[in-house]
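Just below is one structure, and these are the notes that go with it.
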Amino acid sequence: MNAVAYPRHADPALEWTGPKRRYDLVKEATIALVAVTLLTVLLAALFSSPDVKPVTVAQWASASPNDFLSTAVSELDGTSGVATYGPPYTHVAGAGQNILGGVSIERALGVQLPIDPARAFVLDPLSIPARTTPLLARALAVYEHAPRAQQHAWTHAFAAALAKGNVVERVRRQPRLYGPLPVLMGELLAMARSGGLDGALVSTDRFYQTNFTKALLFLSDGSYLESLAEREHLLGSQWGMMNETGNYPGQAWLWLYTFWYQIPPFSTSDNADAQIWAIMAVLSLAFVCVPFIPGVRAIPRLVPVYRLIWRDYYRAASGR
Amino acid sequence: MSAPTWTGRVRARGLAAFPPERLLPDTQPAYVGSWIYVFGALTLGAFLVVLASGAVIALAGPAWWHTSSAGRFFNSIHLWGTELFFFFMVVHLWGKFFMAAWRGRRALTWATGAVSFLVSIATAFTGYLTQQNFDSQWIGAQAKDGLNAAGIGAFFNVLNYGQMLLWHVVLLPLAVALLIGGHILLVRRRGVVPPL
Amino acid sequence: MTALPSLAGLLAAVVPLDGRPRYVHSGWFLISVANLVVIVAMLVVFALAILLPFPRDREQG
């Protein structure tokens, strides 16, 4: 660079009137595009991309029948994750995460995606095979017409038997304790294993389907999906948001979002999601507004990386 | 002379803000002499690769890549293109931060860049949701809690595949493209920030 | 076009990244080797971008 009259500290708000250099933007952009395309094709050819098969309800019911049945009973019972979730799925007084004190956007917006867990995940799907299975039809009718207290007694007893691990034996010894539950659960398990429940959970009264809310909520109420995720380090407590299956790079750019979940008080808070969303919303706004934040906007002057970036310019401007 | 037309006014304002020599200069201030300056172009290049590979996948539909090795190859280009997009964007961001590139009425340039980063995250997120594999299931199951807690989940249902696919293919890429376009025009308008 | 699918099949995952995931674990800090490589690469590339000399304008030289 010639030692011409370089303004040592040019006013950044004014158009540059100092020396210029040739700079071919179109050539640079073209080379950048070609280089990135070649690099991407190379990476794609070398490493491909992950494609772990999705879990079906059939797979869940076959691999983990106890967990499947416990989940189904909890849906009937109103004790499942979805049943106790509150907005946007179910009406549960006081449910919904708080950002601060008693302030909850979730509660304020209310139930926008209503689901009746007992009907959606158990009773409505069972009504399909019930049309051709009189035993099942009778069991459904008995359950649906029983008083709420009786329904609870049956579901609690069945859940307890499942927890003890020998449900078939217990049902044979004291069938009256469980009412129609053994028939309902037996048929639901068979339906699930056959793949019929996967279809029933997606279908509605319309032909075309693109919404998997019910199926995914049911799957995530159980432990099977989570057990597979844990193996792949995808749980929230494993910095999962950043990770990908196998040894593929994931989403390193989410490091700050997932970081909060690893440390107290958020790691043990019931309101972690709402609190962390609030923190990240504030930090994101701060990121956009860096030019206006004293202290933060002074960091470039304090950590003089700029001296390296513009070293040629400073050398020329000082006449060296 | 008759009253100026809307077209005439738009043209005049456009030319005033972006005369050809400013829109496509073949010189730069002499201080533009570091490899850090190419990372904006690299980010844009990666964005174009992601768009193009996404368009190829769109030709055959979202399930294509599970059953076709050509489909899998283009999905891989789409994934690695996205990794490179964020890679180059973050290096570009670091460079611009340490240059304090918001100086001299360039705060909006910084802001459009920052918002592009955030909207790109949302775009990638909806992409992960629409893969139709285990990853999509798990990410949807997890993300719903965060989004529900913020009140967004009631209207942006990550378990609704159709909704997420349209956000990923139509709405969010359009938003990113507009933001990047605006960002680049602002860089051309104000010029590259001078040294500290 | 038929050559492309078979070429893609041939090239599919020369370096397979599926399989048992590898992680670096220290206290509550846990990161995948893959993500660590990406982050280190970003830092290295940033340093190189700043330190490596950029071609000068020959006409001005």
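Points to keep in mind about this one:
- Those residues of region A:198-234 which are assigned to a loop (DSSP other than H, G, I, E, B) and buried (at least 16 other Cβ atoms within 10 Å of the Cβ), in sequence order: A:Asn211, A:Phe212, A:Gly222, A:Ser223, A:Glu232, A:His233, A:Leu234
- Residue count for region A:129-157 satisfying the condition of being over 22 Å from A:Thr71 (Cβ atoms) and not in a helix (DSSP H, G or I): 4.
- Test: residue in region A:275-295 that is more than 26 Å from B:Ser116 (Cβ to Cβ), within 34 Å of the chain's Cα centre (by Cα), surrounded by fewer than 20 Cβ atoms within 10 Å (Cβ to Cβ) and not acidic (Asp, Glu): yes
- Comparison of B:Ala58, B:Ala70 shows that the only residue that is surrounded by fewer than 16 Cβ atoms within 10 Å (Cβ to Cβ), out of contact with any strand residue (DSSP E or B) (no Cβ under 6 Å at 6 or more places or on another chain) and in a helix (DSSP H, G or I) is B:Ala58.
- Within region A:154-176, the residues that satisfy the criterion of being in contact (Cβ under 8 Å) with a residue 24 or more places away in the chain and more than 22 Å from A:Phe218 (Cβ to Cβ) are A:Ala157, A:Gly165.
- Subset of region A:165-197 [more than 20 Å from A:Val57 (Cα to Cα) and among the hydroxyl-bearing types (Ser, Thr, Tyr)]: A:Tyr178
- Residue in region B:106-125 that is farther than 20 Å from B:Val192 by Cβ and more than 19 Å from the chain's Cα centre (by Cα) present: no
- Within this structure, A:Leu113 passes the test of being under 21 Å from the mean Cα position of the chain (by Cα), surrounded by 19 or more Cβ atoms within 10 Å (Cβ to Cβ) and facing another protein chain (nearest Cβ under 7 Å).
- Residues that are hydrophobic (A, V, I, L, M, F, W, C) and either without any contact (Cβ under 8 Å) to a residue 60 or more places away in the chain or at the interface with chain B (Cβ under 8 Å from one of its Cβ atoms) (or both) within region A:116-128 comprise A:Ala118, A:Leu123, listed in sequence order.
- When region A:62-110 is limited to residues that are under 22 Å from the mean Cα position of the chain (by Cα) and charged (D, E, K, R), the one that is nearest to B:Asn160 (Cα to Cα) turns out to be A:Glu106.
- Count of residues meeting criterion [touching a residue at least 24 places away in the same chain (Cβ under 8 Å), facing another protein chain (nearest Cβ under 7 Å) and assigned to a helix (DSSP H, G or I)] in region B:103-123: 1
- Test for A:Leu25: is it of a type in the set (A, V, I, L, M, F, W, C), more than 7 Å from chain B (Cβ to nearest Cβ) and over 19 Å from A:Asp198 (Cα atoms): no
- Of all residues in region B:18-55, those that are more than 27 Å from C:Phe54 (Cα to Cα), assigned to a helix (DSSP H, G or I) and in contact (Cβ under 8 Å) with a residue 40 or more places away in the chain total 2.
- Filter pass, B:Ile139 being touching a Ser or Thr at 6+ places or on another chain (Cβ under 9 Å) and either part of a helix (DSSP H, G or I) or of a type in the set (S, T, N, Q) (or both): no
- Condition met for A:Glu75 (more than 7 Å from chain B (Cβ to nearest Cβ), touching a residue at least 24 places away in the same chain (Cβ under 8 Å), out of contact with any Ser or Thr (no Cβ under 7 Å at 6 or more places or on another chain) and under 30 Å from B:Leu147 (Cα atoms)): yes
- With respect to the conditions (1) modelled with pLDDT of 90 or more; (2) in contact with a Gly (Cβ under 9 Å, 6 or more places away or on another chain); (3) over 16 Å from A:Leu234 (Cα atoms), C:Asn35 falls short on a single one, namely (3).
- When the test is whether a residue is within 7 Å of chain A (Cβ to nearest Cβ), closer than 22 Å to B:Arg190 by Cβ and under 15 Å from the mean Cα position of the chain (by Cα), B:Ala100 does not pass it.
- Screening region A:25-107 for helices (runs of 4 or more DSSP H) wholly inside it with 1 or more residues that are in contact with a strand residue (DSSP E or B) (Cβ under 9 Å, 6 or more places away or on another chain) returns the ranges A:25-47.
- In region C:28-61, the residue that is surrounded by the fewest Cβ atoms within 10 Å (Cβ to Cβ) out of those that are in contact with a strand residue (DSSP E or B) (Cβ under 8 Å, 6 or more places away or on another chain) and either touching a residue at least 24 places away in the same chain (Cβ under 8 Å) or assigned to a strand (DSSP E or B) (or both) is C:Leu30.
- Lone unmet requirement of (1) touching a residue at least 40 places away in the same chain (Cβ under 8 Å); (2) farther than 18 Å from A:Val41 by Cβ; (3) more than 10 Å from every other protein chain (Cβ to nearest Cβ); (4) among the hydrophobic types (A, V, I, L, M, F, W, C) for B:Val10: (1)
- Checklist (1) surrounded by 17 or more Cβ atoms within 10 Å (Cβ to Cβ); (2) in contact with a Ser or Thr (Cβ under 7 Å, 6 or more places away or on another chain); (3) of a type in the set (D, E, K, R) applied to A:Arg22, failing item: (1)
The values are calculated or read from the model by the stated rules, or taken from the named source; none is laboratory data. Keep in mind that this is a model prediction, so the values were computed, not measured. With ideal geometry, Cβ positions are generated from the backbone for all residues, glycine too; neighbour counts draw on all protein chains shown.
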